[in-house]
Structure formats: C-alpha cells, structure tokens
1. Of the residues that sit in segment 293-334 and are more than 19 Å from residue 269 (Cβ to Cβ) and β-branched (Val, Ile, Thr), which one is modelled with the lowest pLDDT?
2. Tell me which residues, restricted to segment 553-597, are free of Cβ contacts under 8 Å to residues at least 40 places away in the same chain and not in a helix (DSSP H, G or I).
3. Among the residues of segment 181-204 satisfying the criterion of being in contact with a helix residue (DSSP H, G or I) (Cβ under 8 Å, 6 or more places away or on another chain) and within 15 Å of residue 249 (Cβ to Cβ), which is surrounded by the most Cβ atoms within 10 Å (Cβ to Cβ)?
4. When the residues of segment 383-400 are filtered to those that are touching a Phe, Trp or Tyr at 6+ places or on another chain (Cβ under 9 Å) and in contact (Cβ under 8 Å) with a residue 40 or more places away in the chain, which remaining residue is surrounded by the fewest Cβ atoms within 10 Å (Cβ to Cβ)?
5. Just checking, how many residues over segment 360-415 are in a strand (DSSP E or B), over 30 Å from residue 565 (Cβ atoms) and of a type in the set (Lys, Arg)?
6. Please list, ordered by first then second residue, the pairs with beta carbon atoms under 6 Å, 6 or more apart or interchain, first in segment 259-271 and farther than 16 Å from residue 237 by Cβ, second surrounded by 15 or more Cβ atoms within 10 Å (Cβ to Cβ).
7. Take segment 256-280 and flag every residue that is modelled with pLDDT of 85 or more and part of a loop (DSSP other than H, G, I, E, B).
Amino acid sequence: MIISELLEPLDLATLGIDLEKGWQTAAGTQEPLTRVLLIGGALADYRRLGRMLSGMEAHNYHLLWCEQYDDNSLGEINSGHYDAILLDCQHQPDKAMRLLTQLVEIGCQQPIVSLTDNSASVVAQRAMRNGSTDYLGMDTTDRYVLERCLGYAIEKNATDKKISQLNLYDPLTGIANRLMFQRNMARAIELAKTQQISLALLLINLDDFKRINQSFGTGAGDRLVTMMAQRLARCVRQSDAVARIGGDEFALVLEDSQTNEDIALVAQKVIDVLSAPCTLNGQAVIVSCSIGVATYPDSGDSVDGLIKYANMAMLEAKRQRGSQCCFYHEETSKAAVRRMNMEKDMRLALRRNEFELFYQPRVEIASGDAAGMEALIRWRHPVHGLVSPDEFIPMAEETGLIVPIGYWVLQQACKDMLILDQSGHQNLEVAVNLSFKQLQDDMFVDTATRIIQKSGIDASRLEFELTETAIMSNYQQACDGMMALSKLGVTFSLDDFGTGFSSFAHIQQLPISALKVDRSFIENVVKSNDDGIIVKAMINLAHSLRLHVVAEGAETLEQVQFLWQNHCDQIQGFYFSEAVTVNQFIELMDRRATATM
C-alpha cells in the first residue's frame, strides 16, 4: 500500500503542484518536483522525513511511502515515477538487503539511499557493498543532511547514466557500440530460447573503406560512416538492434526471423540502401558492402559463436566482391579453416622456396615474334600441389604478405632476365605485376632500385604492370614512385584497362607506355558487337595518347584476326602459349627460331 499523507496534510492543488506533470505552476517558477519513495520503516519515520522534505526551500519534494518489502514496492519502482529511493534498513535489515540486491540485479534506474540507525552501523556497510548509492544514519540526520544526501545521490545517478551512455553508444554515430550490441545479443538469444524462435545476426562491412580514407581523408571517412549508420537505422524495424562494432563494420540483430528468404530480403534491402550514391568533398561516391549471416539456433547458440560464424560468412562475401551476402554453413567453416592453414603455410613459403615464376609470351601482332613476356607467380604447395594465384594472391593482399612476395618476384625476374641474356635472347622485355600494397610501402622505391641495380640487368627492359585501382588508391604516392623508377629506365603499363575508375588526365600525367586491355573484353570481342566497339575505341584512344596496346586473353584465331584488323600492337594469351618456366620459354623461343630458318 502506498501512503501519501503528511503529518499536516497539504492541499497540493493550492500549491500548484501537478503530480502527473511534476511542475509547480502557481508561482510561475516552473521548478521541477522531485518524487521520493520511502520503502519500509514505520509511520513515524515517514512523517519525520516528510516534515524535513516539506520544509526545504531550494527544491520541491514529494514523499510517498511503501511499507512492505515485496513485489508491490518493486512494481512502484519499475513504474519510473520516482527520482530517488529511500530504503529503510533499520527495522528489517535482511528483507531490506534482499530487496536491495533485487533492485541492483534488475538494473534499477533510481539512486538508492539506505537508512540505518547510525552512520557506524554494520548494516550501512552491507548496504554499500550491495549497491546502495549512499546511506544515512537516522540518529544524526536533519533536513540539511537529508537534502545534501538526496541531491548528491540524484546528481551522481545522472552522471553515472551519462557515463553509461558513453560506454554503450558509439560517439561518432550515436548508435549502440560493441559492448551494447553484445548485451542486446545476449538478451535476444535468451528470449529466443525462452520463446523457441529463431534470430539472425548480420555483420555488415563496408568494402574498400581504407581507399575512402586515403582518397578523401579521415574526416570524410567519419562522415561516410555516420551516413551509413543513419541509413541502416532507418531501413530496419524498430525492434531490430543496430550497432557499430568496428571502424567500418556494423551489426544487425533480426529477432524472430522467419526464413532464410526473409533474412536475404532484409540483407538485399541493406545493400540497396547503403550502396546508394553519396557525396564526399563534392564528389559522388558509391560504397558497396559485404554481409555475413549467422542464425540461431542453426549456426550457434552463443554471442561469441554467432559473431564468429557471421564473420566467416562475411569474409566469404567479401571474397566474392561487390555487395554480396553469404550465409554461414558447414562448408564456410571448412573453407575458412583451409584458408587459415593456407595463410600459415604462405608465411613459410618464401623461406621454403615454394614460389616459382612462370612466363607468358607477349607477341607483336604485325611480325608474330615474341617481344617480351609477363612474369606470373605460382605456388607449389607441398600438400596441395600447384595453387592458383586466384586463391592465394587475394589472401596475400589481405594479410600484407604481398609486399615481401612482390620483392621476391622482382628479384627472381631479374635473375631470369640474366638467364635469358645468357641464352641469346637479350631483346626480350619482362613485365612484373605490382599491387597497391607494394606501392604504399614507404621502402618500395629504395628496395626496388637496390634489387634492380644489384642484379645488373638493363632496366629499360623491365616493365611494371599496375592496375587503375592500384594507382588511384594513393595517386600521389604512386605517381612519385613511378617517376623515381622511370629515371632508372623502367617502363610502366596500365593493366586491366577499362575495369577501373581512373581518368585520362591522370593517365597522361604518369610515365605509362602501354595499356593492357582486360581479357573480359577480348573474350566476346567477336561474338558481341558492343565488346567489339569498346575494344576498337580503346585501341584508338591508346594510340591517340601515343601508347602501345596489349590485348590479354587471346585464345582463338578469330580474336587474333579481329585484333590484327584493328591495329592492336601486342597479344598475350593461350592462342600462342600458356605460362611456362623460364627454361621452357627459352626452348619455345629456340624452336621458333629454328623453324623460321
């Protein structure tokens, strides 16, 4: 039972106090009313405390009393109608301690001041250990002590809430952070277990976010993350928990998810919303994302388990590139374990000398003679045999191992050029691929220069192939490095032309001597009129810029004839030869020389 009478009852309406709104309006001061609930104790205590509170001039207090330590008092507290709790621990201390423990366990939002016989009471110490905000010894309490204690407790509680807010919410985006997400996830799993329903965890990672920071600056990157968080929060149900759990990673918990088809529809909606164009520093930017999905109870039944499996699925989606969504399943786990083992083996491959260089000829279309060759790395794994570059190169890019591997490739290519010279093929050029990670290495120019000069090769016969993406990942650094190496005589070609996003203004400013048309255009150059028109335009454009054109992936006579008719300079592909070792390449050249004699 709640008792709200004072020793001398007051007409609250006369004072202008509206208990629903909690404001004093008669005097026009609009000072807030502070509601205090006393739990336990005797009527005499209630009346004494009521007199103290009603006599205070600085604040307007309203005291209510709940005599019993039971569910009724818990219900009152949970109603949220009170600003502070006075818990009497004098008369029934054990019941008071049990209630205090319950209040702390359920996350009571109000400050709790425990009332004891005296300040030195053992009960006071128990109350503080059990979670009381403060305590008062009733033997020394007057209205001034009571007011200071309540004021301190309420202010401390407000401060603690602000700190908790900072600890649980991401300061940049305002949405839940990783800690809050884990709490929400744990609660959602418990609810799913109780109600025997399923839920889904979606991990959402922005693709190429590092490139955004490098191209536009970290300030623009922060604005992009904030924009993506706002879009994500707007496109899901209010019941779905959204959080930022990493620099460019978000989590979405779908409670009571029905089927994988429903989850896939939500994932596609997220992809569509996040990939809509946005403006950074006055430029339109499109950002794709990769989504990994793990479901309860199929994928796991714990927070850590679901995060682990959703992350595996997200990495699989990222490998497929371009706004993909993958669900976790057993094969995903097996593939992840295999990749993990392969990454470990790749770190040892350089020391074990397991990498090899193969070479594919580049043929002058006018004469049919080999003008050079492209160096292509292979990994001869002791267990898995010859591993495809498509499988280990992306892994090397992700882990940063591509940098030491790239230096090995350059060093080995220089050694093989000397072998070519000794066999009488001093006129052949050798092209080596460079990744954007190598260009970003501060030691790249110095290290590459040292390798080239130490080998003693003619640097003018060495060509570095770079993709548009590699150049534009950090244009200025790439430009400076290319200019420095070109002074040694090294030449450059633009690989996979037509698949990136560079401008011709950039191309003209760089020391590029050739463009390589991507094999995806050559594949259907005869069958598709559109591809034919595109390739013709590329060749004409390159020639207008005084650049040579190399077509990759030529496999049929019809493709070769088309390229010859449209004045392509060089061709590379299976029509002439697959990639072979340096010794096999020399044999190939020698047989051709013998056949033409």
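The values are calculated or read from the model by the stated rules, or taken from the named source; none is laboratory data. Computed from a prediction, not measured in an experiment: that's the story for all the values here. Note that each Cβ is placed from the backbone with ideal geometry, even for glycine, and that neighbours are counted across all protein chains shown.
1. Filtering first and then ranking leaves 332.
2. Within segment 553-597, 553, 554, 555, 556, 566, 567, 574, 575, 596, 597 qualify.
3. For segment 181-204, the residue satisfying everything is 201.
4. To start, the set of residues in segment 383-400 that are touching a Phe, Trp or Tyr at 6+ places or on another chain (Cβ under 9 Å) comprises 386-389, 391-392, 397.
Checking which are in contact (Cβ under 8 Å) with a residue 40 or more places away in the chain leaves us with 387, 391-392, 397.
Working: 387: 21, 391: 14, 392: 24, 397: 16.
Residue satisfying both the conditions and the ranking: 391.
5. 2
6. 271/323
7. Scanning segment 256-280 gives 275, 276, 277.
Results for (1) outside the structural domain of residue 509 (by TED's automatic domain parsing); (2) surrounded by fewer than 21 Cβ atoms within 10 Å (Cβ to Cβ); (3) assigned to a helix (DSSP H, G or I); (4) not hydrophobic (A, V, I, L, M, F, W, C), shown as yes or no for each residue.
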{"site": "442", "(1), (2), (3), (4)": "no, yes, no, yes"}
{"site": "460", "(1), (2), (3), (4)": "no, yes, yes, yes"}
{"site": "466", "(1), (2), (3), (4)": "no, no, no, no"}
{"site": "476", "(1), (2), (3), (4)": "no, yes, yes, yes"}
